[in-house]
4 protein chains.
Amino acid sequence: MMFQMTIPELEIYMGEIFPQVAQDFQIDTINGDETTMRLLTADRHLRPGGTVSGPSMFALADCVMYAAILARLGKVALAVTTNCSIDFMRKPAANTDLIGTARILKMGRALVVGDVLMHSEGDLRPVARASLTYSIPPAQHLMK
Amino acid sequence: MMFQMTIPELEIYMGEIFPQVAQDFQIDTINGDETTMRLLTADRHLRPGGTVSGPSMFALADCVMYAAILARLGKVALAVTTNCSIDFMRKPAANTDLIGTARILKMGRALVVGDVLMHSEGDLRPVARASLTYSIPPAQHLMK
Amino acid sequence: MMFQMTIPELEIYMGEIFPQVAQDFQIDTINGDETTMRLLTADRHLRPGGTVSGPSMFALADCVMYAAILARLGKVALAVTTNCSIDFMRKPAANTDLIGTARILKMGRALVVGDVLMHSEGDLRPVARASLTYSIPPAQHLMK
Amino acid sequence: MMFQMTIPELEIYMGEIFPQVAQDFQIDTINGDETTMRLLTADRHLRPGGTVSGPSMFALADCVMYAAILARLGKVALAVTTNCSIDFMRKPAANTDLIGTARILKMGRALVVGDVLMHSEGDLRPVARASLTYSIPPAQHLMK
């Protein structure tokens, strides 16, 4: 497996392109086909009862898969999310980071497909599972 | 079609249970099987380029369907989102409200299924389509 | 709306490319953005109890959307299904044709997105809802 | 992990409840959270070009997950598929068995959620990925 960007490079780049949310997330590891990112859970991500909101779980799934794609394709990638299907299975633990692990299943010329499994730190039971598809503009692949 | 709650009652109730986000949304109409809500697009919902973020579109889909369920079942409903599948089709217009129309397809004893079509105000082409499933706890139906 | 193929042309063409299943389906109407097809329900589509099987419902969703795409793009189209998400909502009626109505939501250069609502003939309540995405090879659009 | 049924018991039971399709599938292994089943690919599962049809891939995903649920809950289970989302990623190899591995992610009182990864025998790259949700009628759990 060849990676085009290191974790610090990815975090700087994602901070430039997603300035509103980059400080919410931290990349833990990039390892073969798996990329792990955490949501640094704060009050703005919660619902009453202390549980992490659905949109925050969606954002984690989208960001960790996006980081996994950038790590492979490099900065040139302008991937666009075309589909996301999430199953919400358990309530995330209150006031705890949420950890998402992305797995790329297909890195095609036009489409990238992968899935993300999410769990609360300290409890490995999955709280949500997402599958995501990204469209890669043709020019991006020519530049790579 | 019998409704259990009016639009003002729904907005007060959703403000109590979702205090963090209730001010982001406004119910436009409830009409037969269709409920229409708008995201009052503000800076915090945007991505660079002025486009509405994926998590904000997810939040609109989830909120408008939730309002549609409450309108039918009343305040007792404690519906939990179990699945959401979204197709992102076009870039939402910059700095424009995003309008979501929810349609309930099945109001079962245990599961409610519906879909949401979203477009930018002033342009009817769909920017996203979501299907959502909610689980209704057994007690909620006994109380209804 | 411009159509490239009539219903008889579509049925002949689909019989050539899907000889194993073409006799199971019949196009009812093509009308604006909506294409309606029926599964001519026979024993081989059933599960015990007389209900239409899941794979048969999947096949109807895929075929009616494919017909809708061909009607628009013509024979040159070599669309490939990349995603299908189905919600099964009610048991289809026993020994009754199943009717699927496809709606194209986006006819993009690379991706086509649409959804299909299915009901048993004589009962308008939806038994299933599918959303589907197709990838269109670049050459197909150049030829159109 | 406790299993309620062995592979031979499962194959006999599935032959009783799905007589039309049971001979198409064979359970390879049940191991912890993973159940592996193969589609014994035959002419009736193919599309022109020798590739396995979409409905046949859907059927494999549904059957292997169903077997995984029965192995856990025993014969009493009357699970109903409520959602299936499939990503089709590569063309399955021609005239080759298709192998699906199901993983149960949540075995809840009312809902079971899992996913299935499929590949052609002899080539580990995934050809399709499905996530599925099943509804378990309340009585089934009381009987277990």
Choice from A:L111, A:L98, A:L70 showing the highest fluctuation, given a GNM over chain A with Cα pairs closer than 10 Å: A:L111
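For each of D:K106, A:K91, count neighbouring Cβ atoms within 10 Å of the residue's Cβ, then give the residues from fewest to most. Intermediate values should be presented prior to the final figure.
Values: D:K106 19, A:K91 14.
Starting with the residue having the fewest Cβ neighbours, the order is A:K91, D:K106.
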Cα gyration tensor shape of the protein assembly as shown, rounded if a/c is under 1.5, else prolate or oblate by comparing a/b with b/c: rounded
Segment C:1-66, relative contact order [Cα under 8 Å, separation at least 6], %: 23
Proximal aspartates and glutamates to B:K75, defined as alpha-carbon separation beneath 13 angstrom and excluding residues fewer than eight positions away on the same chain: B:E9, B:E11, B:E16
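Need one value for B:122-129: mean number of C-beta atoms belonging to other chains within 10 Å of its residues' C-beta atoms. Intermediate values should be presented prior to the final figure.
Details: counts 0, 0, 0, 2, 4, 2, 3, 8.
For this peptide, the per-residue mean of nearby foreign Cβ atoms is 2.
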Cα-based helix-to-principal-axis angle, B:54-73 vs chain B, degrees rounded to 10: 30
GNM flexibility winner over chain C from C:A42, C:A130, C:A93 (Cα, springs under 10 Å): C:A42
Per-residue mean of C-beta atoms belonging to partner chains within 10 Å, peptide B:104-115: 5
Degrees, to the nearest 10: D:7-17 long Cα axis against longest axis of chain D: 90
Surface/4 of the Cα convex hull for segment B:11-144, nm²: 7.7
Residue among B:M57, B:L10, B:F88 farthest towards the positive dipole end of segment B:1-91, charges placed on Cβ: B:F88
Debye-sum result for segment D:1-48 in log10 I(q)/I(0), which assumes one identical scatterer on each alpha carbon, at q = 0.22, 0.25, 0.31, 0.32 Å⁻¹: -0.84, -0.98, -1.20, -1.23
Helical contribution to [θ] at 222 nm, DSSP H n ≥ 4, -39,500 (n - 2.57), averaged over chain D, rounded to 500: -8000 deg cm²/dmol
Computed label-point distance, nm, for sites B:R125 and B:V80 using a 7 Å Cα→Cβ extension: 4.0
Within 10 Å of each Cβ in C:15-21, the average number of Cβ atoms from other chains: 3
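Where a number appears in this text, it was derived from the coordinates with a stated rule and is not lab data. Everything numeric in this text was worked out from a predicted model, so none of it was measured. Using ideal geometry, Cβ is built from the backbone for each residue, glycine included, and neighbour counts are taken over all protein chains shown.
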